[in-house]
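Coordinate-derived values only; no laboratory data. Values in this document were obtained by computation on a predicted structure and should not be read as measured data. Note that each Cβ is placed from the backbone with ideal geometry, even for glycine, and that neighbours are counted across all protein chains shown.
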Amino acid sequence: GDSVTQMEGPVTLSEEAFLTINCTYTATGYPSLFWYVQYPGEGLQLLLKATKADDKGSNKGFEATYRKETTSFHLEKGSVQVSDSAVYFCALNLNFGNEKLTFGTGTRLTIIP
Amino acid sequence: SAVISQKPSRDICQRGTSLTIQCQVDSQVTMMFWYRQQPGQSLTLIATANQGSEATYESGFVIDKFPISRPNLTFSTLTVSNMSPEDSSIYLCSTHQGGGGDTQYFGPGTRLTVL
C-alpha cells in the first residue's frame, strides 16, 4: 500500500545548524507531497508542498524538492532557530478524487540556543 | 483558506461512555476528514465524510464505534462510542479546498483522555 517513511527522531540541533529530515514514499500513483508542522500546543499546519517531479516547495526558510527518481521529499533548512522546535510530518496525497493524506510517523525537532 | 474550529478542545471521560466532537468550517466544503493521533504517533485517517452520503471508513475503523454525521456543507460530528483508555488520542478534523494536491486545513484538535 501507499506509505511514507520518515527519519526517526527525536532530533536535537544547536541554533544556526543545518537541518535535514529525510522522507521517502511508496505510492501506486503520482502523489502530491507535503510537509506539515505541529508546534507545541498547536494544531497541524501546512509548511510546504510540491505537486510534481522536480518541484521545490519552500516556506519560512525550509525547502523540499520532489525527487521522483529516488521517491524522496527531504526537508532542509540552512540555519535553524529555537522557534523551529516542533514535530514535522511528511505526507502524501494520491489525487484520486479522495484527498486523504497518508502521514509519516513524525519527527520531533528540538533546537537548543 | 479554510478556518476550522472544534468542540470540545479537550475532555476527560469515563470508560464506557460516548463523546461527540463537533467540527465547524467557515466555508462550504465537499469533503471533511476525521483523523486520530494517538500519543506519540502519527495521524491516522478514520473516515471521509461527504455531505449527503454515508461516511467512508478506513480499515480498522467501524461505524458502530465512530459514527459520523455530515448534515450540511460546513459541519460534521464524530462520536467516539463506548470508550476505553485505548481511545485516548487527539481527534482532528480537516478539509481541503480545490482539486488534487491542494492544501488540507486542520482543526486544532480535540484531546480526549479516557479513564
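Please work out the Cα convex hull volume for chain A and give it in Å³ per residue.
Output value, Cα hull per residue: 94 Å³.
What does the convex hull of the Cα atoms come to per residue for the protein assembly as shown, in Å³?
Convex hull of Cα atoms, per residue: 119 Å³.
So if R0 is 30 Å, what FRET efficiency would A:E42 and B:L73 give, r being the distance between their Cβ atoms, rounded to the nearest 0.05?
FRET efficiency, A:E42 to B:L73: 0.70.
Sort A:D55, B:D87 so that the residue with the fewest other Cβ atoms within 10 Å of its own Cβ comes first and the one with the most comes last.
A:D55, B:D87
As an exercise, use a Förster radius of 41 Å and the Cβ-Cβ distance of A:K68 and B:N82 to find the FRET efficiency, rounded to the nearest 0.05.
0.35
Treat the count of other C-beta atoms within 10 Å as a stand-in for reagent exposure and order A:H74, B:H96 from fewest to most.
In increasing order of surrounding Cβ atoms, one gets A:H74, B:H96.
Starting from the 7 Å offset along Cα-to-Cβ, what nm value, one decimal, do you get for the label separation of A:I112 and A:K60?
Placing both labels 7 Å beyond Cα along the Cβ direction yields 2.2 nm.
Please report how far the C-alpha centroid of segment A:1-46 lies from that of segment B:33-87, rounded to the nearest whole angstrom.
Here the answer is 24 Å between Cα centres.
Per residue, how much space in cubic angstrom lies within the convex hull of the C-alpha atoms of segment A:55-113?
Given the Cα convex hull of segment A:55-113, per-residue volume reads 107 Å³.
Of A:K60, A:K100, B:K65, how do they rank once you tally other Cβ atoms within 10 Å and put the fewest first?
If I rank by nearby Cβ atoms, fewest first, I get A:K60, B:K65, A:K100.
Based on the alpha carbon coordinates of chain B, what radius of gyration and maximum Cα-Cα distance (Dmax) apply, in Å?
Cα only, chain B: 13.4, 41 Å (Rg, Dmax).
Hey, got the dipole for the protein assembly as shown? About the Cα centre, +1 on K and R Cβ, -1 on D and E Cβ, debye to the nearest 20?
280 debye
For B:K7, go through the lysines and keep the ones whose alpha-carbon is under 23 Å away, minus same-chain ones fewer than eight residues off.
A:K100, B:K65
Between A:Q81 and A:A53, what is the label-point separation in nm under the 7 Å Cα-to-beta-carbon projection?
For the pair A:A53/A:Q81, the computed spacing is 3.7 nm.
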